[in-house]
Structure formats: structure tokens, C-alpha cells
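Chemist: Dumping the structure here so I can ask a few things about it.
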Amino acid sequence: MVAASKKIMQIKQRVFDATIVKALIAQGVNPLLARLYAARGVVSKNELETSLSAIIPPEQLTNSGEMAKLLADAIAQNKKILVIGDYDADGATATAVAVKGLRSVGANVDFLVPNRFEYGYGLTPEIVQLAATLKPDILITVDNGIASVDGVEAANLLGLQVLITDHHLPADTTPKAACIVNPNQHGCSFSSKNLAGVGVMFYVLLALRAELRKRGAFIDKAEPNLTELLDLVALGTVADLVKLDANNRILVEQGLRRIRAGVCCAGITALLKIAGKSPEKVTAQDLGFYVGPRLNAAGRLDDMRLGIACLLAETEADATKKAQTLHGLNMERRNIEADMQDSALISLENIEVSQNYSLSIYNTDYHQGVIGILASRLKEKYHRPTLVFADVGDGIVKGSGRSIPSLHLRDALDLVTKQYPSLIIKFGGHAMAAGLSILERDFDAFQQAFEAVARMLLTEADLQAVIETDGNLDANETILQTAQVLASSVWGQGFAQPVFCGDFKVISQRIVGEKHLKLLLEKDQKRFDAIYFNCIENLAENIAAVYALEANEYKGLQTVQLQIKYII
């Protein structure tokens, strides 16, 4: 092994208000958790409520009541409803929630998911034409639609009613749909703007059940138990990397409880098991790291109908068979991604990346289903907003981007279009992720335009990567019980998993699995097992490490383990 090289990284300790910590402790919160919660903006135990009754009421989501009435009318008239989904994990879970939920109240419903390689994203005019062959009366979008101005117009011309459920940011012009439910649409006062697409659809179903209750639909039959959908809501919410605000944490926690209790859908159970994870001990991180990627693999390399079919599977055998196929696709995706990353790193060898404020990369050999993952990997490595493009034919290249906290990617692309109106064919997305299409011949011009906009919006300080830690953890706190307490909370995007920083003596180190370091560390005369993933470089005898505390299980025995994130 060779000496470890150091990346340039700023270590920053999270700050908290000691008076808030004391107040949380007085309200019965574990002292360590009180410190961690306060550092993440929690000021009251009420914000830690996990019961479903504590979510924001559905009637506060603009137009949810109106859409519920339209759906209730459609059910009463036995109209055919066609769900138009999306090809990522959020879209897949939202589609499954829509289909299961609507069927549970007697709707005549089916679904259609665009193949990303043939039709692209959203309710396009081409998808409307395809949908029309299935002879629906109503189209309801999930996790898409807010940008589908032309598609909705095409549907209206065919006499198809369009209902849009989405969470993406709207443009200046919105589609002329019969109804739009989107917490981020203009004029919506819903206090949580962070619902995933699956969360929006779940809210619509809550509103629909309330409307059907008013109409007496459940006088002679049981009401559907919509909590049965929360495992899917949790998966889509975590996988889509939306901020885990108080409302989303409730939805995720409730979904995790169902999975742990063994009453979730067969598809999620099968995907967890094939990833080697125990459903009984599942965490939010498990959904994001192990289930989401396997589900996403269908949309990236094949057709998301396979992923949705897995989520809708009614038997363990059927779910297992489909999960195995998804697992195989994910392995293929990882190989493609590795090859693309090697290619990208070679292409960047001749570029002084430190002099750039952004990265835009195009290669005719890139797989368009994997460019988003590559953009994420490069963004993490270089800490710059990154866009990766692939050839999609007809002289057009499609880009997928990931950004850093200081640059709102969709707004940056909007600024490019304002300064260079003919450069971008279409675009859309979020603060941290976005997609776009441009002409292949315009790639160099776009690269220069995006770099110019990045230089307008960013400072050199913004390009400095930062790891936030929760400070030191005493050796007597570094125990299994602490790891179990930490695992009892929902952590994720916008509510970061706790990581600590401390000095250790390296007692031993060895490579396991060909690419990871297994360590024995010592601090204050106590020894700890540790793992440093994706590192085979020799560590010094004394180190300062950023680490997460976790419970590691081996042959039925749980022990505390440090997962090293960074060596200072």
C-alpha cells in the first residue's frame, strides 16, 4: 500500500443554540439527539412527531380538493383513468401509489410510463398520441406534467381531461390542465414545498378518500387503508433526495415502520433481500443506497415498467423474480458507469479543473441512462456544478446535471436561456439536479455559456468542498447503544446523518473485498472496529477522522463500528 493522499476539504462543525438543546432535553429528548436536532434547526419536540396524524392536512394543498372531486366523478361514471408516470424511483413509486390507491376506491385505472430512450421525459405530444391508443378518458400525471404545455394542449385537442400531480418547479407558462396539484406551483401556500412526486399523489388520495366519504361511498363498505401505501411513499421520498423536512420525515418514518413490521409490498421486501439487507432493520439510508438504485436501473437501462411491475407484484415469488432482473440491470449499470467515469477522468486530465467554475462533458459513447449518475460522481469529486451529455440522435444531445449548494441549477439554466435564447431546446429540474437538451453542434457554445453563468453566480469560496460534522464524540459515548439511538431517527437529504470528528491511533489495517480498509482504532484507551469504504491507501499511525457511528451485525451479533468518511 502507498501513502494516502489528501483531498482539499474544509471541515466545519455544525453550530447549535445551547438553550434550545436544554429545552429539548427538558421535553424528554435524548441529550445527544437534542444536540444533533438543534444543529439541524429543530427547536421543539413537536417537530419530531412521527404519527401520521401530525402531517400537514391534505386540504391545505392547493387544488387537492378540486382534483378529488374530479376523480370522484370519474369513478362514479366508470371513466378510464390512465396514469402517466416517470422513469425514476420517485416516478415509479408514485405510479404504483396512484394505481394501488385508485383501484382501492374502485377506479378503472391503468398506467403508462414513457421509455426515456424513445419519448424522453414527461407528458409530451408523442406520449399523448400513444396514450390515446389505450382509449382513456382522463390522464393523470405523477412526478411530471408541470412543464408539459404542448402535451396538455395535444391531450385537450383529443378531448382527454388532464390532471397534473407534480412537485417540480414551474416555468412562467403552466399547462392548461383541468387541475394541477403541485406544492411548488404559483400561488400554492402549502407549507412544505419538499414533497416528492409520490408524496403529492399520496396527498391527492387522502383528499379523494375524504371526498368519497362525504358522498357516502363507504356506508356499506370499508374505507381503504391508505397507510398501506406508505412504504412506497417512503421509498420514493428518500430515493428522490428531496429535503426531509418534518412532514417528509413523518411519511418516511411511517413507511419504514411498515417495512420493519413485514407488512409492506412484496417488491420492496424482495429488493431489500436481494441487496442483502434485513427488512426488519431497514433504515432510510438503506432505501436510498440499496433499493432506489436497483429500481432506478430499470429506467436507466431498460423500461421502468419492470420496476413498477415489481412494486405491484402480489406474490413473493413474482416479486423475487422481478427483483432479480432489476438486480442484474443494476450490476450492468454499475459496469457502464465505471467505464464512463474512467473515460471522463481521462478527458479531464488535460483540463485545469481548478480554474473552472463548472464542468460540462460530452462523449458520443456515453449511455444516456447513466449520465446523471456520472454527473453526480464528478460533482462530488470536483465540487463544481456538472453537466454530462450523451448523444440521443438527430443531432441532439441530452444533458443531466448535478449542482452544489451555492448554485440553483434550474435557475442557472434559465439564465442561460435568457442570455442565449436559441441555445437550449428544453430544460427543467430542481436546485440540485436538472436536465436539458441542446444541439450537438452547440455543445462548445453551451459549455462556454454555462461557465460564464456559473462565474456570475459563484465565488471561489463556493467551490471549496465542506464536510459538516457534529464535533467530537466521547469514547464512552461511542457504544452500541448510541449507534442504535442514532439509527432510530430518520436522516437524509436536508437532515443529514450525524458524523463526528476525532483523533485515533491506528492499531491495525487490512484490505477487505479488494477495495476497502478494515481498521482497528484506539481512542482514550478504548478500541473500535472501523471500515473505510473505497480506500486501499495506507493510513498513518495517528489520524484525525470524520466518521459515522453504526451498528454492524455479523452472524447475529451486533457491535459498534465506525464508518470512516474522510481522513483529515
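The values are calculated or read from the model by the stated rules, or taken from the named source; none is laboratory data. Please read all numbers here as calculations on a predicted model, not as lab measurements. As a convention, Cβ positions derive from the backbone with ideal geometry for all residues, glycine included, and neighbour counts pool all protein chains shown.
Chemist: Which residue pairs have Cβ atoms under 6 Å apart, sit 6 or more places apart or on different chains, and have a first residue in segment 30-51 that is under 21 Å from K12 (Cβ atoms) and a second that is among the basic types (K, R) and surrounded by fewer than 20 Cβ atoms within 10 Å (Cβ to Cβ)?
Modeler: Partner pairs satisfying both residue conditions: A39/R14.
Chemist: Still on this structure, please answer the following. Considering each residue of segment 410-435, count those that are more than 14 Å from F446 (Cβ to Cβ) and in contact with a Ser or Thr (Cβ under 8 Å, 6 or more places away or on another chain), and give that number.
Modeler: So the answer is 3.
Chemist: Here's something else I'd like to know. Could you say which residue among P175, P183 is touching a Ser or Thr at 6+ places or on another chain (Cβ under 7 Å) and free of Cβ contacts under 8 Å to residues at least 60 places away in the same chain? Before you say what the answer is, go through the steps one by one.
Modeler: Details: P183 fails: free of Cβ contacts under 8 Å to residues at least 60 places away in the same chain.
On inspection, the qualifying residue turns out to be P175.
Chemist: For V388, are the conditions met, namely being within 27 Å of Y566 (Cβ to Cβ), buried (at least 23 other Cβ atoms within 10 Å of the Cβ), in contact with a Leu (Cβ under 9 Å, 6 or more places away or on another chain) and in contact (Cβ under 8 Å) with a residue 60 or more places away in the chain? Don't jump to the end; show me each part of the working.
Modeler: Numbers: within 27 Å of Y566 (Cβ to Cβ): yes; buried (at least 23 other Cβ atoms within 10 Å of the Cβ): yes; in contact with a Leu (Cβ under 9 Å, 6 or more places away or on another chain): yes; in contact (Cβ under 8 Å) with a residue 60 or more places away in the chain: no.
For V388, the condition - within 27 Å of Y566 (Cβ to Cβ), buried (at least 23 other Cβ atoms within 10 Å of the Cβ), in contact with a Leu (Cβ under 9 Å, 6 or more places away or on another chain) and in contact (Cβ under 8 Å) with a residue 60 or more places away in the chain - is not met.
Chemist: Out of segment 258-294, which residues are basic (K, R), closer than 20 Å to R334 by Cα and surrounded by fewer than 24 Cβ atoms within 10 Å (Cβ to Cβ)?
Modeler: Let us first name the residues in segment 258-294 that are basic (K, R), namely 258, 260, 273, 277, 281, 294.
Imposing the further condition that a residue be closer than 20 Å to R334 by Cα reduces the set to 273, 277, 294.
Selection gives K273, K277.
Chemist: Here are L71, L24, L32: which of them is more than 30 Å from A266 (Cβ to Cβ) and either buried (at least 20 other Cβ atoms within 10 Å of the Cβ) or hydroxyl-bearing (S, T, Y) (or both)? Before the answer, list the steps.
Modeler: Working: L71 fails: more than 30 Å from A266 (Cβ to Cβ); L32 fails: either buried (at least 20 other Cβ atoms within 10 Å of the Cβ) or hydroxyl-bearing (S, T, Y) (or both).
Exactly one residue qualifies, and that residue is L24.
Chemist: Another question, if that's okay. Could you check, for segment 545-558, whether at least one of its residues is modelled with pLDDT of 95 or more, touching a Cys at 6+ places or on another chain (Cβ under 6 Å) and farther than 30 Å from D245 by Cα?
Modeler: At the first step, the residues of segment 545-558 found to be modelled with pLDDT of 95 or more are 545-549.
Still in the list and also touching a Cys at 6+ places or on another chain (Cβ under 6 Å): 546.
Remaining after also requiring farther than 30 Å from D245 by Cα: none.
No, that holds for no residue.
Chemist: For segment 150-179: of the residues being within 25 Å of the chain's Cα centre (by Cα), hydrophobic (A, V, I, L, M, F, W, C) and within 21 Å of V113 (Cβ to Cβ), which is surrounded by the most Cβ atoms within 10 Å (Cβ to Cβ)?
Modeler: For segment 150-179, the residue satisfying everything is I164.
Chemist: Here's another thing I want to ask about it. Are there any helices (runs of 4 or more DSSP H) wholly within segment 278-373 with 3 or more residues that are polar (S, T, N, Q), and if so which?
Modeler: Once the helices (runs of 4 or more DSSP H) in segment 278-373 are filtered for at least 3 residues that are polar (S, T, N, Q), what remains is 316-347.
Chemist: Provide a single number: the residues in segment 16-31 that are farther than 14 Å from D470 by Cβ and assigned to a helix (DSSP H, G or I).
Modeler: 8
Chemist: Residues in segment 320-333 that are within 21 Å of the chain's Cα centre (by Cα), surrounded by fewer than 19 Cβ atoms within 10 Å (Cβ to Cβ) and either closer than 16 Å to A309 by Cα or at pLDDT below 95 (or both): how many?
Modeler: 1
Chemist: Would you mind finding the one in K12, K69 that is of a type outside the set (F, W, Y) and assigned to a strand (DSSP E or B)? Let's see the steps before the verdict.
Modeler: Details: K69 fails: assigned to a strand (DSSP E or B).
Result of the check over K12, K69: K12.
Chemist: Of these, G262, G216, G255, which one is modelled with pLDDT of 95 or more and within 21 Å of the chain's Cα centre (by Cα)? Explain how you work it out, then say what you get.
Modeler: Details: G262 fails: within 21 Å of the chain's Cα centre (by Cα); G216 fails: within 21 Å of the chain's Cα centre (by Cα).
Result of the check over G262, G216, G255: G255.
Chemist: Residues of segment 128-149 being of a type in the set (S, T, N, Q) and either free of Cβ contacts under 8 Å to residues at least 12 places away in the same chain or crowded, with 24+ Cβ neighbours inside 10 Å (or both), which ones?
Modeler: T133, T141, N144, S148 - these are the residues of segment 128-149 that are of a type in the set (S, T, N, Q) and either free of Cβ contacts under 8 Å to residues at least 12 places away in the same chain or crowded, with 24+ Cβ neighbours inside 10 Å (or both).
Chemist: I need a count of the residues in segment 201-256 that are free of Cβ contacts under 8 Å to residues at least 40 places away in the same chain and small (G, A, S).
Modeler: 3
Chemist: Which helices (runs of 4 or more DSSP H) sit wholly inside segment 107-168 and have at least 1 residues that are among the hydroxyl-bearing types (S, T, Y)? Break it down into steps so the answer makes sense when it comes.
Modeler: Values: elements: 116-119, 125-132, 149-157.
Ranges flagged: 116-119.
Conditions tested, residue by residue: (1) touching a Cys at 6+ places or on another chain (Cβ under 6 Å); (2) under 26 Å from Q355 (Cβ atoms); (3) modelled with pLDDT of 95 or more; (4) part of a helix (DSSP H, G or I).
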| position | (1), (2), (3), (4) |
| --- | --- |
| S422 | no, no, no, no |
| A431 | no, yes, no, no |
| Q447 | no, yes, yes, yes |
| L473 | no, no, no, no |
| S489 | no, no, no, no |
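Chemist: Separate question: Give me the residue from segment 191-226 that is surrounded by 15 or more Cβ atoms within 10 Å (Cβ to Cβ) and in contact with a Lys or Arg (Cβ under 8 Å, 6 or more places away or on another chain) and, out of that set, farthest from T95 (Cα to Cα).
Modeler: So the residue we want is E211.
Chemist: For N156, work out the one condition from (1) of a type outside the set (S, T, Y); (2) touching a residue at least 40 places away in the same chain (Cβ under 8 Å); (3) over 30 Å from L48 (Cβ atoms) it doesn't fulfil.
Modeler: If we test N156 against (1) of a type outside the set (S, T, Y); (2) touching a residue at least 40 places away in the same chain (Cβ under 8 Å); (3) over 30 Å from L48 (Cβ atoms), just (2) comes out false.
Chemist: Additional query: Determine if segment 32-44 includes at least one residue that is at pLDDT 95 or above, of a type outside the set (A, V, I, L, M) and in a strand (DSSP E or B).
Modeler: no
Chemist: Kindly check whether there is at least one residue in segment 495-505 that is at pLDDT 95 or above, out of contact with any Lys or Arg (no Cβ under 7 Å at 6 or more places or on another chain) and polar (S, T, N, Q).
Modeler: Yes, segment 495-505 contains at least one residue that is at pLDDT 95 or above, out of contact with any Lys or Arg (no Cβ under 7 Å at 6 or more places or on another chain) and polar (S, T, N, Q).
Okay, residues lined up against (1) closer than 26 Å to A239 by Cα; (2) out of contact with any His (no Cβ under 9 Å at 6 or more places or on another chain):
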residue	(1), (2)
Q324	yes, yes
E332	yes, yes
Q341	yes, yes
L345	no, yes
L359	yes, yes
S406	yes, yes
L409	yes, no
L413	yes, yes
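Chemist: Okay, moving on. Restricting to segment 196-251, what's the tally of residues that are within 22 Å of T283 (Cα to Cα) and in a loop (DSSP other than H, G, I, E, B)?
Modeler: Of the residues in segment 196-251, the ones within 22 Å of T283 (Cα to Cα) are 196-199, 202, 226-251.
When the remaining residues are screened for being in a loop (DSSP other than H, G, I, E, B), the result is 196, 240-245.
Matching residues across segment 196-251 total 7.
Chemist: Which residue pairs have Cβ atoms closer than 7 Å, lie 6 or more positions apart in sequence or on different chains, and pair a first residue in segment 392-418 that is on the phi < 0 side of the Ramachandran plot and buried (at least 20 other Cβ atoms within 10 Å of the Cβ) with a second residue that is in a loop (DSSP other than H, G, I, E, B) and among the basic types (K, R)?
Modeler: Pairs found: I404/R384.
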